[in-house]
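Structure record follows, encoded as structure tokens.
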Amino acid sequence: MHEMKQPDKMGSYSPEDVVFLLRDISNVNLEIDNEQRERLIQSGTHYSEMLPVEYLPSEAYMNLFYRTLDDYAQRIAVAVGLVAQQIVERRGLEHLVLVSLARAGTPIGILIKRYIKMHYNVNVPHYTISILRGRGIDDYAIKYIFTQHPLAQIQFIDGWTGKGAITRELQQACESFNEQNNKQLDATLAVLADPGHCAAIYGTRTDFLIPSACLNSTVSGLVSRTVWNAQFMDVNDFHGAKFYKELQVADVSNVYIDRISAYFLQVENDVEQQLRERIPSTITWQGLETVVAIQQHYGITNSNFVKPGVGETTRVLLRRVPWKILINPKYVHELAHILLLAKEKNVEIEEYPQMSYACCGLIKEV
């Protein structure tokens with residue numbers, strides 16, 4: 001095989017924590033405001049060809065982020081431990097390589113790597129690569145990993161599931177990669193929260209807030225969403241992303257990691273106990289059924305306009321054009337940041353108790 005290109009050094013994390021397998025395209029202007037971007041996406045431009053504008057969050061919102069992080073850090077630490085242990089049980093440690101899906105997966109992958117270091121005293125490699133809905137996984141990045149670790153047992157990691165679109169995308173991508181490269185990539189996805197009931201390895205199936213969903217690049221190493229745009233990118237290269245050095249003042253990427261990993265030692269026993277008591281559970285795609293019901297109820301033709309779960313609803317409010325937000329009243333006490341964002345953006349909120357999620361964002365058809 002010909003010599004592979006090296007990825008660009010980027011992101012505000014330590015290289016000990018993660019290596020980004022991406023091409024730095026910070027010099028290209030791709031940001032488009034949400035209204036215009038929404039029109040382009042809905043008229044057929046692929047979302048991965050442009051980027052949302054990243055704004056600095058308001059002070060009220062940042063205070064809420066810190067408060068949420070305090071409230072949930074321990075709960076997240078337990079979920080991280082559960083996922084880390086299941087990964088090691090399944091894959092062993094000897095050839096384990098953690099591969100998180102940029103960018104929601106990145107902080108989660110770092111936490112899992114740190115938990116494994118704490119619990120087993122083994123430093124496993126961790127990379128983060130791009131996956132794009134409708135375009136698959138960054139094949140070049142996977143090939144690169146195999147040049148570095150020929151026997152790699154790759155474990156894919158993401159933050160949470162919504163309706164399972166990425167789970168599916170990953171399955172298809174791994175199948176085609178395996179066919180073309182004669183490999184045995186395993187598409188099993190590990191996530192912290194699996195409200196969509198579509199991941200085999202998860203920390204919890206409760207739809208709870210993972211605070212890194214509250215922010216964009218400032219909790220993901222100052223890295224943008226990943227981009228693949230044929231106008232200025234080479235097929236034989238990594239997918240691209242921007243490194244927003246100018247947002248450094250607001251960067252909480254490492255604060256987030258440190259705050260949660262500070263709980264690892266004290267949750268260890270809790271994690272072991274929960275693993276022993278856990279009943280093996282099936283993948284039911286229950287989340288998808290909820291989405292179909294919501295579509296029928298509101299007459300929404302395209303399932304991409306329904307974004308279920310706390311993580312996805314937050315993103316709709318941060319970088320899409322929301323039509324309304326559905327709230328499951330029994331979770332309302334955990335949705336302060338959703339209510340604040342909806343108020344800041346003047347978006348209607350409606351109660352919808354009959355769903356498996358805490359909330360759901362509906363995108364406006366333009």
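Most tightly packed first, judged by the mean number of other beta-carbon atoms within 10 Å of their residues, the peptides 198-208, 306-316 read 306-316, 198-208.
Near the amide H of Ile157, within less than 5 Å, lie the amide hydrogens of Val99, Ser100, Leu101, Ala190, all on another chain or at least 5 residues away, with H placed in the peptide plane. Largest GNM mean-square fluctuation among Gly105, Gly162, Gly299, using the chain with Cα springs under 10 Å: Gly299.
Rounded, prolate or oblate: which fits the chain, taking a ≥ b ≥ c as square roots of the Cα gyration tensor eigenvalues, rounded meaning a/c under 1.5, else prolate when a/b beats b/c?
Working: a/c = 1.37, a/b = 1.13, b/c = 1.22.
Here the chain falls in the rounded category.
Pairs of Cα atoms nearer than 8 Å and 6+ residues apart set the relative contact order; for the range 150-202 it is 46 percent.
The packing ranking, built from the mean of other Cβ atoms within 10 Å per residue, places the peptides 250-257, 283-290, 67-74 in the order 250-257, 283-290, 67-74, highest first.
Using packing as a proxy for protection, rank 191-197, 237-243, 352-358 so that the peptide with the highest average count of other Cβ atoms within 10 Å comes first. Before the final figure, lay out the partial values.
Values: 191-197: 27.9, 237-243: 23.4, 352-358: 19.1.
Result, highest mean Cβ count within 10 Å first: 191-197, 237-243, 352-358.
Across the range 72-113 the C-alpha pair distances fall into 10 Å bins from zero in the proportions 28, 54, 18, 0 percent.
Shown in residue order for the range 158-172 are the 3J(HN,Hα) couplings computed by the Karplus curve 6.51 cos²θ - 1.76 cosθ + 1.60 at θ = phi - 60°: 9, x, 7, 10, x, 9, x, 4, 6, 3, 5, 4, 5, 4, 5 Hz (x for Gly and Pro).
Convex hull of alpha carbon positions in the range 87-137: directionally averaged projected area 3.7 nm². Put simply, the convex hull of the Cα atoms in the range 127-196 casts, on average, a shadow of 4.5 nm². Compactness of the range 26-148 is given as radius of gyration and Dmax, 18.3, 51 Å, from Cα positions. Among Phe177, Phe305, Phe232, the largest mean-square fluctuation in a Gaussian network model of the chain (Cα springs under 10 Å) belongs to Phe232.
The mean sequence separation of alpha-carbon pairs under 8 Å and at least six residues apart, normalised by the residue count of the chain, gives a relative contact order of 21 percent.
Sequentially through the range 307-318, phi angles give Karplus couplings (6.51, -1.76, 1.60; θ = phi - 60°) of 10, x, x, 4, x, 5, 4, 4, 5, 4, 5, 7 Hz, Gly and Pro residues having no value and appearing as x. Over the range 282-365, Cα pairs under 8 Å with separation of 6+ residues give a relative contact order of 41 percent. Quick one: plug the Kirkwood hydrodynamic radius of the range 78-166 (C-alpha pairs) into Stokes-Einstein at 37 °C, 0.692 mPa s, and report D in µm²/s. For the chosen part, D equals 246 µm²/s.
Using the Cβ-Cβ distance between Asn229 and Lys183 with R0 set to 22 Å, the FRET efficiency from 1/(1 + (r/R0)^6) comes to roughly 0.20. Centroid-to-centroid, using Cα positions, the range 161-195 and the range 11-38 are 23 Å apart.
Residues whose amide H lies under 5 Å from that of Ile131, counting only those 5 or more places away or on a different chain, are Ala102; hydrogens are built 1.01 Å from N in the peptide plane. Its Cα gyration tensor gives the range 180-258 an equivalent ellipsoid. The semi-axes, each the square root of 5 times an eigenvalue, are 26, 25, 10 Å from largest down.
Rg then Dmax, both in Å and based on the Cα atoms of the range 238-366: 18.4, 51. According to the Kirkwood relation over distinct C-alpha pairs, the hydrodynamic radius of the range 110-237 is 16.2 Å.
Quick note: the coordinates plus some simple rules give every number you see, no bench work behind them. This one's a predicted model, so the numbers in the text were calculated from it and none came from an experiment. Because the Cβ atoms are built from the backbone with ideal geometry, glycine has one as well, and the counts that use them run over all protein chains shown.
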